[in-house]
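Peer 1: Okay, handing you the structure first.
The values are calculated or read from the model by the stated rules, or taken from the named source; none is laboratory data. All values reported here derive from a predicted model rather than from experimental measurement. Cβ coordinates were reconstructed from backbone atoms using ideal geometry, including for glycine residues, and neighbour counts include every protein chain displayed.
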Protein chains: 2
Amino acid sequence: MIKYEMIANKIRERIQKGEYAEDTLIPDQVTLSKEFGVSRMTVKKAMDILAMEGLIFRKRGSGTYVKKNALLNSSDSNAMEYEGLTKQLSGYKVEGKAISFNVEFPDEKIREALQLEKNDPVYNIVRLRLVDGKPYVIEHTYFPTALVPGLTEEILNKSVYEFIHQNLGLSFGGAYRKIQAVKPSEYDKKYLACQENDPVLEVEQIVHLEDGTPFEYSRSRNRYDTRSYTIVDIQRRQK
Amino acid sequence: MIKYEMIANKIRERIQKGEYAEDTLIPDQVTLSKEFGVSRMTVKKAMDILAMEGLIFRKRGSGTYVKKNALLNSSDSNAMEYEGLTKQLSGYKVEGKAISFNVEFPDEKIREALQLEKNDPVYNIVRLRLVDGKPYVIEHTYFPTALVPGLTEEILNKSVYEFIHQNLGLSFGGAYRKIQAVKPSEYDKKYLACQENDPVLEVEQIVHLEDGTPFEYSRSRNRYDTRSYTIVDIQRRQK
DNA sequence: AAGTGGTCTAGACCACGTT
DNA sequence: ACGTGGTCTAGACCACTTG
């Protein structure tokens, strides 16, 4: 439907198929605008997308080039993901198990993270995820009850995010994350089967709605030997 | 000079000063285009920048709003930074100390990360950073010698990145990072003064040039109690 | 000098929310 | 019905690189 998106898709496909080889020029914007029967502005907008994805780079006066290793880096723009054995996880059995599900008044730290008043309650959920029967991560999650009315344990087992999007009509606007190495707690030792001197990778996260309202605070505590956090950081603005 | 950038700067300033309050509408694009004497397309491009920075969000048919907590999240778009005591580090003495500086043939892993051939040499640099006399991080860094001809220990103590930009005329195009919690090595225990069961936060990083050439491979090993990694992730494309 | 990508315009139509 | 932001055009000028 949207022209610049369709053009971006086609060019991306050509790069992936090798029709536009890495480290070479692709046709200039005027040529492409004639090929696709659109204005040059529309072609440029398509190119902006591919540049944000890290597939191409442009030199004024020179032309538009396919990056070396475009295919390696071609994961979604600014994608961030956990990686571990999760990578080749297709054949494994992934389980989620709720350890606890309560409503409570949060402590000061969580109140500040979620921008709540003194008497605003939150859901406090602790879940353990196992892969192939082995523990992987414990997630401690807090939602303001006011934002997710009618949350049940059943919904938790499906997708809270889908529920919010479908039933409440809300969208996400980003997240703040903090990653640390920490020593295992008693909780970690019990559920993650950590040894005393096994480190734990903790990802602390505040997720926001589109309008900036804090919506979820969570801490994921990951076994050090099975999970890592990866970031693809693409330079967006040249000076 | 560039109009849409100047307009973005002015609007950003108004948000920061509270002239456009959080969680309220700002003037529509037609009004703003009249105020600044530009076309609406130019105003929209300015708004695109502020949306990427997480300061505003837009609803078709409704208008453009300042996000809640715009000022909190207003750190540079997609900024990533180490944080720790580094936060309030203005008053402290930061030192860097080179532990070793060699040229060698890299092992397979580094050869793959830097996309090198069998006989391409690299600089192998190990540096320790101290704050207020206490060890903070050990950085193991590898550069292909072919990309940084004439690197000296003196340049290392200033800024390698500036040297590359100034003297070699090269620009950066992004990075790939992987963050893990690991157990301390003998090296860590010796230089970071880690105890046997202190975890270490390792940041593995491949930095690329603008054209996609891998340029630096490094591993930073951080004391767990003084450093963490933070990420601001802003949603860019709504579906 | 020619060709490239970056910016900007004035106007048009559309999709969507609000009224 | 009206106002909003999103897309798109045809053409213009500029900054820059390359021959």
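Peer 1: Those residues that are part of a strand (DSSP E or B) and crowded, with 17+ Cβ neighbours inside 10 Å, I need them from the stretch B:98-123; list them, please.
Peer 2: B:Val122, B:Tyr123
Peer 1: In the stretch B:1-59, how many are within 14 Å of chain A (Cβ to nearest Cβ), under 22 Å from A:Met52 (Cα atoms) and near DNA strand D (Cβ under 8 Å from one of its atoms)?
Peer 2: So the count comes out to 5.
Peer 1: Pairs only if they're at least six apart or on different chains, beta carbon under 6 angstrom, first in the stretch B:51-62 and within 15 Å of B:Leu25 (Cβ to Cβ), second within 12 Å of DNA strand D (Cβ to nearest atom) and among the β-branched types (Val, Ile, Thr); list them, first residue then second.
Peer 2: Final answer for the pair search is B:Ile56/B:Thr64; B:Ile56/B:Val66; B:Arg58/B:Thr64.
Peer 1: Okay, next question. Of all residues in the stretch B:198-212, how many are more than 24 Å from A:Arg60 (Cβ to Cβ) and of a type in the set (D, E, K, R)?
Peer 2: Number of matching residues: 3.
Peer 1: Here is a further query. Say whether the condition of being of a type in the set (Val, Ile, Thr), more than 24 Å from B:Thr64 (Cβ to Cβ) and in a strand (DSSP E or B) is met by at least one residue in the stretch A:175-196.
Peer 2: yes
Peer 1: While we're on this one: Kindly list the number of the only condition in (1) outside any helix (DSSP H, G or I); (2) within 15 Å of DNA strand C (Cβ to nearest atom); (3) crowded, with 17+ Cβ neighbours inside 10 Å that fails for B:Lys45.
Peer 2: Single failed check for B:Lys45: (1).
Peer 1: What's the total number of residues in the stretch A:13-30 that are within 16 Å of DNA strand C (Cβ to nearest atom) and assigned to a helix (DSSP H, G or I)?
Peer 2: 4
Peer 1: If we keep just the residues of the stretch B:48-65 that are assigned to a loop (DSSP other than H, G, I, E, B) and of a type outside the set (Ser, Thr, Tyr), which is farthest from DNA strand C (Cβ to nearest atom)?
Peer 2: B:Gly54
Peer 1: How many residues, within the stretch A:153-187, are exposed (fewer than 12 other Cβ atoms within 10 Å of the Cβ) and either in contact with a strand residue (DSSP E or B) (Cβ under 9 Å, 6 or more places away or on another chain) or closer than 30 Å to B:Thr226 by Cβ (or both)?
Peer 2: Of the residues in the stretch A:153-187, 2 are exposed (fewer than 12 other Cβ atoms within 10 Å of the Cβ) and either in contact with a strand residue (DSSP E or B) (Cβ under 9 Å, 6 or more places away or on another chain) or closer than 30 Å to B:Thr226 by Cβ (or both).
Peer 1: For the stretch A:162-172, state whether one or more residues are modelled with pLDDT of 75 or more, assigned to a loop (DSSP other than H, G, I, E, B) and hydroxyl-bearing (Ser, Thr, Tyr).
Peer 2: Among the residues of the stretch A:162-172, at least one is modelled with pLDDT of 75 or more, assigned to a loop (DSSP other than H, G, I, E, B) and hydroxyl-bearing (Ser, Thr, Tyr), which makes the answer yes.
Peer 1: For a quick check of your reading of the model, give me the residue pairs whose first member lies in the stretch B:152-165 and is among the hydrophobic types (A, V, I, L, M, F, W, C), whose second is assigned to a loop (DSSP other than H, G, I, E, B) and at pLDDT below 75, with beta-carbon atoms closer than 8 Å and at least 6 apart or on different chains.
Peer 2: B:Ile164/B:Leu170
Peer 1: Those residues that are in contact with a Pro (Cβ under 6 Å, 6 or more places away or on another chain) and among the polar types (S, T, N, Q), I need them from the stretch A:124-182; list them, please.
Peer 2: Result: A:Thr145, single match.
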